[in-house]
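Inspection log for the structure reproduced underneath, given as structure tokens.
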Amino acid sequence: MRRLHTFALAFSTVLGLFVGGWAYFSARSFYDSFPGVLGSWVSVDGPYNEHLIRDVGAMYLALAAASIGGLIWRHPIAFRVLGIAWTVFGALHFAYHALHLEHMSMDAAIGEMVALGVSLLLGILLLIPDRREAARRQVR
């Protein structure tokens with residue numbers, strides 16, 4: 001399970017750095033063309049708002065920074081806390097987009113739901129306790 005937690009954190013870190021870095025440091029480009037090869041998911045959802053996009057970028061970068069901390073310390077509590085943060089964000093983000101697909105093509109909507117579902121799944125994986133850790137706690 002620890003390998004799965006490490007993988008989920010590493011992938012979440014990469015995701016957070018990619019999305020966050022792009023949104024924060026190049027807000028207009030992010031708005032116009034995110035996620036890139038899969039189309040444009042942001043610009044179809046309303047007018048450009050640099051402040052909002054940079055805030056989203058900052059939030060993704062903060063989650064990535066916390067995930068890097070989790071990769072450094074690799075403690076079950078860090079995995080759970082990061083799992084809570086990524087899952088809450090992922091569930092709310094997924095729900096919003098699932099309820100607002102009407103302005104997207106079918107291909108873009110499917111791509112967006114799959115990408116957001118993977119992001120949510122990474123958070124959920126971090127919430128799964130390690131059986132060895134749980135067994136150690138019961139012995140004490």
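The values are calculated or read from the model by the stated rules, or taken from the named source; none is laboratory data. From a predicted model like this one, the values you see are computed outputs, not experimental measurements. Neighbour counts are summed over all protein chains in view; Cβ atoms, including those assigned to glycine, are modelled from backbone coordinates with ideal geometry.
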Practice item. Could you tell me whether Gly46 is within 20 Å of Ser105 (Cβ to Cβ), surrounded by 15 or more Cβ atoms within 10 Å (Cβ to Cβ) and among the small types (Gly, Ala, Ser)? Key: no
**Study point:** Qualifying position, being out of contact with any Leu (no Cβ under 9 Å at 6 or more places or on another chain) and at pLDDT 95 or above, among Leu17, Leu99
**Key:** Leu99
Review point. Only one of these conditions is not met by Leu120: (1) more than 26 Å from Arg131 (Cβ to Cβ); (2) modelled with pLDDT of 95 or more. Which number is it?
Key: (1)
Review point. What number goes with the only condition from (1) in contact with a Lys or Arg (Cβ under 9 Å, 6 or more places away or on another chain); (2) surrounded by fewer than 18 Cβ atoms within 10 Å (Cβ to Cβ) that Leu126 does not pass?
Key: (2)
Exercise for review: Give the residues of region 85-102 that are without any contact (Cβ under 8 Å) to a residue 60 or more places away in the chain and within 17 Å of Leu4 (Cβ to Cβ), sorted by residue number.
Suggested key: Thr87, Gly90
Check your understanding: In the list Phe79, Phe89, which residue meets the criterion of being farther than 11 Å from Ser119 by Cβ and among the hydrophobic types (A, V, I, L, M, F, W, C)?
Key -> Phe79
Revision key, fill the gap. Taking region 93-115 and the residues there that are of a type in the set (Asp, Glu) and loosely packed, with under 11 Cβ neighbours inside 10 Å, the one that is nearest to the chain's Cα centre (by Cα) would be Asp107
Review point. Among the residues of region 82-92, is any in contact with a helix residue (DSSP H, G or I) (Cβ under 6 Å, 6 or more places away or on another chain), surrounded by fewer than 18 Cβ atoms within 10 Å (Cβ to Cβ), of a type outside the set (A, V, I, L, M) and in a helix (DSSP H, G or I)?
Key: no
Point to revise | Enumeration of residues in region 1-35 that are over 17 Å from the mean Cα position of the chain (by Cα) and of a type in the set (Gly, Ala, Ser) | key: Ser26, Ala27, Ser29, Ser33
Check your understanding: Among the candidates Ser33, Ser40, Ser12, which residue alone is in contact with a strand residue (DSSP E or B) (Cβ under 7 Å, 6 or more places away or on another chain), surrounded by 14 or more Cβ atoms within 10 Å (Cβ to Cβ) and either more than 28 Å from Pro129 (Cα to Cα) or of a type outside the set (A, V, I, L, M) (or both)?
Key -> Ser33
**Study point:** Residue list for region 50-73, restricted to those being exposed (fewer than 13 other Cβ atoms within 10 Å of the Cβ) and either free of Cβ contacts under 8 Å to residues at least 12 places away in the same chain or closer than 19 Å to Arg3 by Cβ (or both)
**Key:** His51, Ile72, Trp73
Check your understanding: Only one residue in Ala115, Ala95, Ala109 is over 30 Å from Arg132 (Cα atoms) and touching a Pro at 6+ places or on another chain (Cβ under 8 Å), so which one is that?
Key -> Ala115
**Study point:** One residue from Leu121, Leu52 being within 19 Å of Ser40 (Cβ to Cβ) and either over 15 Å from the mean Cα position of the chain (by Cα) or in a helix (DSSP H, G or I) (or both)
**Key:** Leu52
